[in-house]
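Taking it in order: structure first as structure tokens, then the write-up.
The values are calculated or read from the model by the stated rules, or taken from the named source; none is laboratory data. Since this is a predicted model, take the numbers as computed values, not measurements. Neighbour counts run over all protein chains shown; Cβ positions are idealised from the backbone, glycine included. Heads up: the accessible areas ignore ligands, DNA and RNA and are worked out on the full protein's heavy atoms, side chains in. Shrake-Rupley method; radii C 1.70, N 1.55, O 1.52, S 1.80 Å.
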Amino acid sequence: MLTLRNPVRGLTALVAASCAAALLLTAPGSGQAAALIGAPEEAIGPRGAEGQKAEAIADLSRQLPSRKLAVIIDDLGNRMDGTDEILELPVKLTVAVMPFLETTQEDARRAHERGHDVIVHLPMEPKQGRPEWLGPGAILSRMTDEEIRQRVEAAIDQVPYAIGMNNHMGSKVTGDERVMSVILDVCRDRGLFFVDSKTNYWSVIPRLSQEKGLPRIENDIFLDDVGSVEHVSGQLRQVLQLLKENKRTSCVTIGHVGVQGKKTAAALKLNIPMLQAEGVSFIGIGELAREQISPGVQPGPGFTLP
């Protein structure tokens, strides 16, 4: 059963940290804090008083609420370009691994070992596009409910450490209430949530997820619809603008490995310091799911939200 964090305890810790930092920076010439500020350099370490002040401010900022960014990287599982570079980035990510491919299980394990969240990148029928782009095990709108269920179950079994799922392509299926209802039922039975990649404006996933007591999680911005470092960097600036101007606490964005994978990884690496300086913290998609999980959900025995 999922256990949410104690918000009162967190608030208490925040207030305590704020008071401690304020004492350190502003206390008058008596007491421990004043002794640190007024002491000679050798008494307080090589960084001196200014270093202590900077550390206190940094500690305080780490305690304050931050803007949360969940970066999902699609299309792992087939030795795609940029996979190594993505997995080695120094922040928490979510990797969406396609089932039934050469490195499906290897990529999922590597990502898990590096502390990233893992989800199933489920191939789904699009309105347009080449059938070969779907990959094996795709969900098609002409399938029966039982055929859909069997394919979704098999895909979940293929991807170790998966805590959720999103759609690969799928502009046709994500608008089909019958098909998506079966897929979401399997997710609920297995303890997974579904992230709507938003390849279809008229997607039924958000509404059905809410009706079934599942988290409602949707992609906000595609990072690399144009494959260049400059474009991805521009999209990341849009992410920051979205967080700032709309006063949102979180944002979901999707990039890819593959043809543009190394450029996407390079742009992320380049912009991580800028985003962190603006108070953005990189989180796994599981954190957003935990924040939204309905108390009325009765998940199946495979419920795996960390």
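Limited to the range 74-131, what total is found for residues that are without any contact (Cβ under 8 Å) to a residue 60 or more places away in the chain and assigned to a strand (DSSP E or B)?
5
Quick one: in the range 194-242, of everything that is aromatic (F, W, Y) and closer than 16 Å to S181 by Cα, which residue is modelled with the highest pLDDT?
Going through the range 194-242, the residues aromatic (F, W, Y) turn out to be 194, 201-202, 222.
Subset that is closer than 16 Å to S181 by Cα: 194, 202.
Values: F194: 97, W202: 92.
Only one residue fits best here, namely F194.
Looking at the range 254-277, is at least one residue closer than 27 Å to S181 by Cβ, at pLDDT 95 or above, open to solvent by less than 70 Å² (accessible area, probe 1.4 Å) and not in a loop (DSSP other than H, G, I, E, B)?
If we filter the range 254-277 for residues that are closer than 27 Å to S181 by Cβ, which is where we start, we get 254.
If we keep only those that are at pLDDT 95 or above as well, we get 254.
Cutting the leftovers down to open to solvent by less than 70 Å² (accessible area, probe 1.4 Å) gives us 254.
Still in the running and not in a loop (DSSP other than H, G, I, E, B): 254.
Looking for residues that are closer than 27 Å to S181 by Cβ, at pLDDT 95 or above, open to solvent by less than 70 Å² (accessible area, probe 1.4 Å) and not in a loop (DSSP other than H, G, I, E, B), one finds at least one in the range 254-277, hence yes.
Within the range 94-110, work out how many residues are touching a helix residue (DSSP H, G or I) at 6+ places or on another chain (Cβ under 7 Å) and either buried (at least 24 other Cβ atoms within 10 Å of the Cβ) or of a type in the set (D, E) (or both).
Looking only at that region, the number is 6.
Among the candidates V152, V186, V182, which residue alone is without any contact (Cβ under 8 Å) to a residue 40 or more places away in the chain, touching a Cys at 6+ places or on another chain (Cβ under 8 Å) and either not hydrophobic (A, V, I, L, M, F, W, C) or not in a strand (DSSP E or B) (or both)? If you could, list the steps in order and put the result at the bottom.
Numbers: V186 fails: touching a Cys at 6+ places or on another chain (Cβ under 8 Å); V182 fails: touching a Cys at 6+ places or on another chain (Cβ under 8 Å).
Exactly one residue qualifies, and that residue is V152.
Tell me which of these G77 doesn't satisfy, since it passes every other one: (1) modelled with pLDDT of 95 or more; (2) closer than 30 Å to K244 by Cβ.
(2)
Evaluate the range 200-209: report whether one residue or more is within 30 Å of I272 (Cα to Cα) and open to solvent by 20 Å² or more (accessible area, probe 1.4 Å).
Yes: the range 200-209 contains one or more residues that are within 30 Å of I272 (Cα to Cα) and open to solvent by 20 Å² or more (accessible area, probe 1.4 Å).
Would you point out the residue of the range 135-193, among those that are hydroxyl-bearing (S, T, Y) and surrounded by fewer than 20 Cβ atoms within 10 Å (Cβ to Cβ), that is modelled with the lowest pLDDT?
S141
Could you tell me whether L288 is modelled with pLDDT under 95, part of a helix (DSSP H, G or I) and among the aliphatic types (A, V, I, L, M)? Working first, answer last.
Values: modelled with pLDDT under 95: yes; part of a helix (DSSP H, G or I): yes; among the aliphatic types (A, V, I, L, M): yes.
In short, yes.
Of the numbered conditions (1) open to solvent by 30 Å² or more (accessible area, probe 1.4 Å); (2) modelled with pLDDT under 95, G51 satisfies every one except a single condition; which is it?
Condition not satisfied by G51: (1).
Report, by residue number, each residue of the range 221-249 that is of a type outside the set (A, V, I, L, M) and crowded, with 19+ Cβ neighbours inside 10 Å.
Quick first cut of the range 221-249, residues of a type outside the set (A, V, I, L, M) only: 222, 224-225, 227-228, 230-231, 233-235, 237-238, 241, 244-249.
Of everything in the range 221-249, those that are of a type outside the set (A, V, I, L, M) and crowded, with 19+ Cβ neighbours inside 10 Å turn out to be D224, Q235.
Specify which of the listed residues (G213, G227) is more than 17 Å from the chain's Cα centre (by Cα), on the phi > 0 side of the Ramachandran plot and small (G, A, S).
Working: G227 fails: on the phi > 0 side of the Ramachandran plot.
On inspection, the qualifying residue turns out to be G213.
Can you report the number of residues in the range 209-229 which are without any contact (Cβ under 8 Å) to a residue 24 or more places away in the chain and outside any loop (DSSP other than H, G, I, E, B)?
Within the range 209-229, the subset without any contact (Cβ under 8 Å) to a residue 24 or more places away in the chain is 210-211, 225-226.
This time we only want the ones that are outside any loop (DSSP other than H, G, I, E, B), so: 210-211.
Count: 2.
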